[in-house]
Amino acid sequence: MTLFLSLLIIVFLFKLWLSLRNTNCVESNRAEVPKAFAERFAVADHHKAQDYSLAKLRSRRLFMGFETLVLMFWTVGGGLALLDENIRTHLFATVSSNEILFGIYLALCFSAVNFLLDLPEEIYTTFSIEKRFGFNRTTIKTFISDHLKGIILGMVIGLPLFSFLIWAMLKVPYWWPWAFATLTLFQLFLMWIYPMLIAPLFNKFTPMPEGPTKEAVKKLLSENHFPYQGLYVMDASRRSTHGNAYFTGFGKSRRIVFYDTLLESLTPSEVVAVLAHEIAHFKYKHILKSLLISIISSALGMWLLWKVSTWSAFYHSFHITVESPAVVILLFSMIIPPFTFFLTPLFSWYSRKNEYEADRFAATAARAEDLISALVKMYRDNASTLTPDSLYALFYYSHPTAMDRIAFLQSLSSRPKY
Ligand SMILES: [Zn+2]
């Protein structure tokens, strides 16, 4: 327990230190547009990007402190033990003694409290920061209906899985490989139905309108023999003005989705450059590799849960008196993240490596100069800072920094192709 408490404090202090470093760096680079962007970025846009980054960092620091306190309360503070005991003695004893039902009660109460505790940050970010910088288009009505849908979806998907896991832990002697296999199959199933059943609950998808952009996109796709089922536009502008493009689905049922916000600001050749970058992620199997990494991690996680679930000292160190599958699953899900936190830079580095590969491909399949101008527009429209702290970026950034990325693309475009 002291080990976990010290770890929590170390992780918190480390995050705080990185965040302060970044704040410092963004602040001291606020006055002038960095030289490499001087011709492409207006001073006003630069100031907005810096201020937006600073506002986000400041609020994240505040809520991060709160989050750490909540985690301490649930774990070392005995909060989960208290909830567990209360449900067991009051609510549960009078109704039934089924462990699966007990688990569902516990998980529902636990998630309800966490949901309420997370709400202030979401409300503040959406309706204060995003609004102040002109990004937010979410109405209170959309906000509430999004959350209701999220809760229902979470229950429909989460509760059966959770019940299954409890059942397996109680009845199957060597349960972890079975539980892992079932969860993985279910995860793949979710990925398959996501574009057809889940995404449409939150957004409208319409076929991409005919025009020069669609023609250019189709040409790129056929040049690269890229199978897809359709080109769609998503009404991202309902919620915010941030832009993006992505793929969903597998193989021939794959859909290519553009945010309407992206199509509004990019020229056809810029859209092609962005799409070429995304195609590269498929061509080089980055998506598949990431999926494999996540499957391997979940196998490791399941094995660890199996080890921990029969370890009495684990329960005792968090004040739990009755050993049960439900309580160990919840505890485990809170204990693991502070341990894996220090792997973040490894995953970030891997992701950045893939981004460079994708950019290199885009520079040949499309034009580097188009990708540069598309990126500059996206940095500007999303008010991303051009000058993050190098250590902060090294730790968290899944993409190379604006400076590194543009320099890399420029080195490709100045190189003769033949
Ligand atoms: Zn990418």
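The values are calculated or read from the model by the stated rules, or taken from the named source; none is laboratory data. Bear in mind the structure is a predicted one, so any value in this text is a computation, not a measurement. Quick reminder, even Gly has a Cβ in these numbers, built from the backbone with ideal geometry, and neighbours come from all protein chains shown.
A few remarks follow.
One line per residue, one yes/no per condition, for (1) surrounded by 15 or more Cβ atoms within 10 Å (Cβ to Cβ); (2) within 30 Å of Phe14 (Cα to Cα); (3) modelled with pLDDT under 95:
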{"position": "Gly243", "(1), (2), (3)": "yes, no, yes"}
{"position": "Val274", "(1), (2), (3)": "yes, no, yes"}
{"position": "Phe282", "(1), (2), (3)": "yes, no, yes"}
{"position": "Gly301", "(1), (2), (3)": "yes, yes, no"}
{"position": "Leu305", "(1), (2), (3)": "yes, yes, no"}
{"position": "Leu330", "(1), (2), (3)": "yes, yes, no"}
{"position": "Pro337", "(1), (2), (3)": "no, yes, no"}
{"position": "Thr340", "(1), (2), (3)": "no, yes, no"}
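- Failed item in (1) surrounded by 20 or more Cβ atoms within 10 Å (Cβ to Cβ); (2) modelled with pLDDT of 95 or more, with Asp404 passing the rest: (1)
- Count of the range 370-390 residues, restricted to those that are within 21 Å of Asn354 (Cβ to Cβ) and surrounded by fewer than 19 Cβ atoms within 10 Å (Cβ to Cβ), is 3.
Table: residues versus (1) assigned to a loop (DSSP other than H, G, I, E, B); (2) hydrophobic (A, V, I, L, M, F, W, C); (3) within 16 Å of the ligand (Cβ to nearest atom).
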| position | (1), (2), (3) |
| --- | --- |
| Phe247 | no, yes, yes |
| Val257 | no, yes, yes |
| Glu264 | no, no, no |
| Ser290 | no, no, yes |
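- Scanning the range 336-378 for residues that are among the aromatic types (Phe, Trp, Tyr) and closer than 22 Å to Val217 by Cβ gives a single hit, Phe361.
- Matching option when the condition is in the same structural domain as Ser163 (by TED's automatic domain parsing), surrounded by fewer than 17 Cβ atoms within 10 Å (Cβ to Cβ) and over 30 Å from Leu375 (Cβ atoms), among Asn86, Asn24: Asn86
- Just one of (1) in contact (Cβ under 8 Å) with a residue 12 or more places away in the chain; (2) loosely packed, with under 15 Cβ neighbours inside 10 Å; (3) not in a helix (DSSP H, G or I) fails for His225. It is (1).
- Residues in the range 27-55 that are crowded, with 18+ Cβ neighbours inside 10 Å and in a helix (DSSP H, G or I): 7 in all.
- Any chance Val272 is touching a residue at least 40 places away in the same chain (Cβ under 8 Å), in the same structural domain as Lys15 (by TED's automatic domain parsing) and either within 16 Å of the ligand (Cβ to nearest atom) or assigned to a helix (DSSP H, G or I) (or both): no
- Considering residues of the range 108-163 that are polar (S, T, N, Q) and not in a helix (DSSP H, G or I) only, the residue surrounded by the fewest Cβ atoms within 10 Å (Cβ to Cβ): Thr139
Quick grid of which residues meet (1) away from the ligand (no atom under 16 Å from the Cβ); (2) more than 30 Å from Ala368 (Cα to Cα); (3) assigned to a loop (DSSP other than H, G, I, E, B); (4) in contact with a strand residue (DSSP E or B) (Cβ under 7 Å, 6 or more places away or on another chain):
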| position | (1), (2), (3), (4) |
| --- | --- |
| Thr261 | yes, no, no, no |
| Ile287 | no, no, no, no |
| Ser298 | yes, yes, no, no |
| Val308 | yes, yes, no, no |
| Glu323 | yes, yes, yes, no |
| Phe339 | yes, yes, no, no |
| Thr344 | yes, no, no, no |
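- The range 310-321, residues that are among the polar types (S, T, N, Q) and not in a loop (DSSP other than H, G, I, E, B): Ser312, Ser317
- Complete set of residues in the range 348-406 that are of a type in the set (Phe, Trp, Tyr), within 14 Å of the ligand (Cβ to nearest atom), under 21 Å from the mean Cα position of the chain (by Cα) and assigned to a helix (DSSP H, G or I): Tyr350, Tyr356
- The set of residues from the range 114-136 being of a type in the set (Val, Ile, Thr) and in contact (Cβ under 8 Å) with a residue 24 or more places away in the chain comprises Thr125, Ile129.
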